[in-house]
Structures are given as structure tokens and as C-alpha cells.
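Working notes, beginning with the structure itself.
The values are calculated or read from the model by the stated rules, or taken from the named source; none is laboratory data. This structure is a prediction, so every number in the text was calculated from the model and none was measured. Cβ coordinates were reconstructed from backbone atoms using ideal geometry, including for glycine residues, and neighbour counts include every protein chain displayed. Only protein heavy atoms, including side chains, enter the accessible area calculation; ligands, DNA and RNA are left aside. Shrake-Rupley method; radii C 1.70, N 1.55, O 1.52, S 1.80 Å.
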Amino acid sequence: MFSVAIDGPSGAGKSSVSKAVAKAAGFVHVDTGALYRALAFTSIKNSVDISNADAVNEMLTNTKLSLKLDADGQKVLINGEDVTGQLRTEQVSMAASNISKIPAVRAFLLDTQRKTAEEMNVIMDGRDIATVVLPNADVKVFLTASPEKRAERRYKELLAKNEEVEYNKILEDVIKRDRQDMEREIAPLRPSEDSVIVDTSEMSFDESVEAITRLIKERM
Ligand code: DC
């Protein structure tokens, strides 16, 4: 199997770029952030106190998470219920960043991610794909952009959905989440030694897709 690891901070365009690259290359796109988001969503829904290790363990014991990958894209099911549509709120974003610091949560999701890459050609995006999940990935990219650019993109995305948003608040959240993801003890966000760093601050969407497609072609 051929695997491509795309890591980077929130809002760098990992998901949308990975999706387009996957389509062009005939690979399956796996958005691992959605797995953390699904557990975060479950903890909110069931009022689980995530600072309490026992409560988190109990939640994990009672949670069956599965990933459905087909032509329509990725769906995440929790105990059989499709929660995909409920994962992209600011509340779930911050909760996902918080819950992803917990070792038991990371261990819980590791198997699903590795098994998927064993079964199909994947472009997997996340924070620790090259460093932890798929250290032998064929292509490793660290996709990044300045915090201001990332906040601006998120701002426009939310405006387009008619959500009431403030640019400064989004920038603040971006910086806070970066810090949290980079400073955590296990699997912190960082490029692996052999990752190619692609900074999309001054690149269009198409240019970002082309840059990664080129890297894949070189390795194939
Ligand atoms: O990519 P995203 O914004 O959907 O990810 C949400 C949170 O999940 C992110 O703040 C950190 C965590 N995450 C992680 O720790 N490891 C991954 N491979 C993917 C996401």
C-alpha cells in the first residue's frame, strides 16, 4: 500500500487539499481530526468530565467508533450513529484539542488509523501522522500557513455559512489551539525529520494541490 501523511496546524488547508489530491490520485482521504472531534462530541453530549481519567476511560469502553470511507467521503459513526455533520463547530474544535491530549484517547484511535492505511492507499491528514501513526509513510508533508492567513480562511468559510463571527476571536482561537497542539506531551504537532514543509500562506488552493501531487509522483 502507498500512504501519504499530511500533518499541520488547524486551518492550513490539510483537509480540503488532501481531499483534492486523493481524488486526483485515486487514493482514499482519511481526516483523522474527525476521529478526535467525534470523541469530543460524544464527551459533550454525555457531559463527560474530560479532566477525570476514569470518566474518560468509561466513555471509551462504551464507545464503538467506526470509519466509513466511500465515494461520498468519510463518515464517522459512534455506536452506529453518523455524527459527521455535527463535528465542525468551534465548541467541538476546542474540545477535540483538549481531549486529544489524553493518552488513552490517542491509543484508542491508533488502531483504526493504522488498519485503514494497511487496507488501502491513503492520504491521511492530522497532527502526528508522520511522527507516530504512519512513520513509514511514502510521502510526508507538513502543510502550514501563517496564523493570520489560517484565521482569514476560517473566517471566510464561516461567513459563507452565514455564521456570526469575529475575525479577532478566530485568530485568538487559532493561536490558542496551535499552542495546545504543539505543547502537549504526547504526539505534539511538529514536522518529522523527513517531512517536506509546504507553506501555503502565499499559495492558491490549486498550487497547494499541485505541490503535493508533484511530491507523490516523485515517490511513486
Ligand atoms: O484537524 P482538526 O482541526 O479537525 O483536529 C481537531 C483536533 O484534534 C486538533 O486540535 C488536535 C487533534 N488531532 C490530533 O491530536 N491528532 C490528529 N492526528 C488529528 C487531530
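Structure above, values below:
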item	result
Highest-fluctuation residue, L159, L69, L77 considered, GNM on the chain with Cα pairs under 10 Å	L159
Length-normalised contact order of the chain in % [C-alpha pairs under 8 Å, at least 6 apart]	34 percent
Contour minus Cα-Cα distance for R214 and N162 (0.36 nm per residue)	15.2 nm
Per residue Cα convex hull volume in Å³ - calculated over the chain	121 Å³
Length-normalised contact order of the stretch 106-220 in % [C-alpha pairs under 8 Å, at least 6 apart]	34 percent
Whole-number accessible area per residue in Å² for the chain, which is evaluated in the context of all protein chains at 1.4 Å	51 Å²
Evaluated at q = 0.21, 0.26 Å⁻¹: base-10 log I(q)/I(0), Debye formula over Cα of the stretch 170-220	-0.94, -1.00
Those chymotrypsin sites (Phe, Trp or Tyr not before Pro) in the stretch 1-68 that DSSP places in a loop and that have at most 13 other beta carbons within 10 Å	none
Straight-distance crosslink candidates among aspartates and glutamates, where the alpha carbon sits under 17 Å from K156 and sequence neighbours closer than 8 are dropped	E90, E148, E164, E166, E172, D173, E202
Calculated log₁₀ intensity ratio I(q)/I(0) where the Debye formula runs over C-alpha points of the stretch 52-97, q = 0.13, 0.15, 0.32 Å⁻¹	-0.38, -0.50, -1.07
Solvent-accessible area, 1.4 Å probe, carbon plus sulfur percent, for the chain	50 percent
Gaussian network model of the chain, Cα within-10 Å springs - most flexible of K169, K14, K140	K169
Length gained when the stretch E90-A104 is fully extended (0.36 nm per residue, less Cα-Cα span)	2.7 nm
R0 of 22 Å, Cβ-Cβ distance S146-K176: FRET efficiency to nearest 0.05	0.90
Entries in K23/K140; K64/K115; K68/K217; K45/K75; K23/K75; K45/K176 that, when Cα-Cα distance is taken, lie over 21 Å	K68/K217; K45/K176
The chain: most fluctuating residue of Q86, Q180, Q74 per GNM, C-alpha cutoff 10 Å	Q86
Distance in nm between pseudo-label sites at E118 and L69 (7 Å out along the Cβ direction from Cα)	1.4 nm
Relative contact order (%) - the stretch 3-76, alpha-carbon pairs under 8 angstrom, separation at least six	22 percent
Neighbour-limited loop hits for GluC sites (Glu not before Pro), the stretch 87-196 (at most 10 other Cβ within 10 Å; DSSP other than H, G, I, E, B)	E164, E166, E185, E193
Residues in the stretch 4-28 that a label on S201 would reach, taking backbone N under 14 Å of a point 7 Å out along Cα→Cβ	12
